[in-house]
Amino acid sequence: VLNLTLVDLPGMTKVPVGDQPADIEHQIRDMLMQFVTKDNCLLLAVSPANSDLANSDALKIAKEVDPQLRTIGVITKLDLMDEGTDARDILENKLLPLRRYIGVVNRSQKDIDGKKDITAALQAERKFFLSHPSYRHLADRMGTAYLQKVLNQQLTNHIRDTLPGLRSKLQSQLLSIEKEVEEYKNFRPDDPSRKTKALLMVQQFAVDFEKRIEGSGDQVETTGLFTPDMAFETIVKRQIAQIKEPCQKCLQLAQYPMLREEMERIVTQHIRDRESRTKDQQVILLIDIELAYVNTNHEDFIGFA
C-alpha cells in the first residue's frame, strides 16, 4: 500500500466571521489554487448528498483546474437525504462526470458522543449500502474501505502516467543547475579576483550601453536583402517565433541576479538624473546658441549656394 499524503483544505468561506479579514474568501481561494493546480496530485471533491451538487464549491474549483479528470468525487451524508430522494445518478457518474464518485457514510455526532468505534461504524456503513434499494447494486464500490483502496490504486496509476514527464523535467532542471554551479566555480566568494571580474562585467555593460546610444551596436536597421522581401519576411518570422520561449527562459536564468539588480538601479537613476539636466540645460542651451548665430559659412549652406 502506498503512503498517501492527504492535504485537508478548508472550505470556501463567503462571509467573514469574527476577526476574519474582509478578503477571507479570496485568501482561501488563493491557498486552494496553490495545491489543486498541481498536475501531480489527485483531487478529492467532498460534497454532502443533502445539498445541491450544482452549488458545490469543491466541484466548481475542480472543474476549473482539472480538464484531465484528476478529481474523485466523495459524497457524504447519504443517510441524511430527504425521504424519496437518492444520489444514484451522481454515484453512477451520470450527472456531473468526474474520474469517479464514491459514497461514504461517516459517524454522526451522536455516534461520536456514544463512543461508537471505527469498526462498528464501517459495519454500519456496509449495512446501509447493502440494504438501500438505490445503492445495493453499487455496494461493492461504495464505502470508506473501498475509497481507501481506490485512492491507492488511482494514485499508483497517476504516478505511472506522470512519472515520465516528471523524470524529464527533473533531469532538465538538474542539467541546468549543474551548468550554473559549474559557472559559479569561477566566481567564488573566496576568489581574490572577484572584484576584478565584477568590474569587467560592469565595464562590458557600459561599452554595450554606449554602442546602443551611439547606434554602433550590432542591432541596426538595414535595407532589405532583396526586393520584394515579403516572402523572406514570412519565412523568417516563423523561425523567429520559435525562439520566443527559449529567450524568455534565458531572461529568467540570468546570472548574478543581485549584481544585475544593483546595476539596473544605479544606471536607471543615473539616466533619470541626466535626462532632467539635459532637458533643462543642454537642449535649451543648444537651441539658444543656434538662435544667437546662424553660421551661413557652414558646408550645408555652401552646398546650396
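The values are calculated or read from the model by the stated rules, or taken from the named source; none is laboratory data. Just so it is clear, the structure is predicted and the values come from calculations on it, not from any experiment. Using ideal geometry, Cβ is built from the backbone for each residue, glycine included, and neighbour counts are taken over all protein chains shown.
Results, tabulated for the structure shown:
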read-out	value
Number of the condition not met by LEU259 [criteria: (1) loosely packed, with under 11 Cβ neighbours inside 10 Å; (2) at pLDDT below 75; (3) not in a loop (DSSP other than H, G, I, E, B); (4) not hydroxyl-bearing (Ser, Thr, Tyr)]	(1)
Inter-residue pairs, beta-carbon under 8 Å, first in the same structural domain as VAL105 (by TED's automatic domain parsing) and in region 134-159, second at pLDDT below 90 and of a type in the set (Lys, Arg), 6+ apart	VAL150/ARG100; GLN154/ARG99; HIS158/ARG70
All positions within region 129-142 that are more than 16 Å from TYR101 (Cβ to Cβ) and assigned to a helix (DSSP H, G or I)	LEU130, SER131, ARG136
Unique residue being more than 26 Å from the chain's Cα centre (by Cα), on the phi < 0 side of the Ramachandran plot and without any contact (Cβ under 8 Å) to a residue 24 or more places away in the chain when the list is ASN50, ASN55	ASN55
Any pair with Cβ under 9 angstrom, 6 or more apart, that starts in region 183-196 at a residue that is within 16 Å of PRO257 (Cα to Cα) and ends at one that is modelled with pLDDT under 75 and among the hydrophobic types (A, V, I, L, M, F, W, C)	ARG194/PHE187
Criterion: at pLDDT below 75, assigned to a helix (DSSP H, G or I) and not hydrophobic (A, V, I, L, M, F, W, C) - qualifying residue of ASP280, ASP288	ASP280
Filter result for the condition that a residue is under 29 Å from LYS127 (Cβ atoms), at pLDDT below 85 and assigned by TED's automatic domain parsing to the domain that holds ALA145, over LEU78, LEU44, LEU53	LEU53
Qualifying position, being free of Cβ contacts under 8 Å to residues at least 12 places away in the same chain and either β-branched (Val, Ile, Thr) or out of contact with any helix residue (DSSP H, G or I) (no Cβ under 9 Å at 6 or more places or on another chain) (or both), among LYS116, LYS110, LYS77	LYS110
Of residues in region 124-156 being surrounded by 11 or more Cβ atoms within 10 Å (Cβ to Cβ) and among the polar types (S, T, N, Q), the one nearest to ILE90 (Cα to Cα)	SER134
Filter pass, VAL150 being within 20 Å of SER47 (Cα to Cα), β-branched (Val, Ile, Thr) and assigned to a helix (DSSP H, G or I)	yes
Subset tally (residues that are closer than 30 Å to MET81 by Cβ and modelled with pLDDT under 90) for region 1-28	13
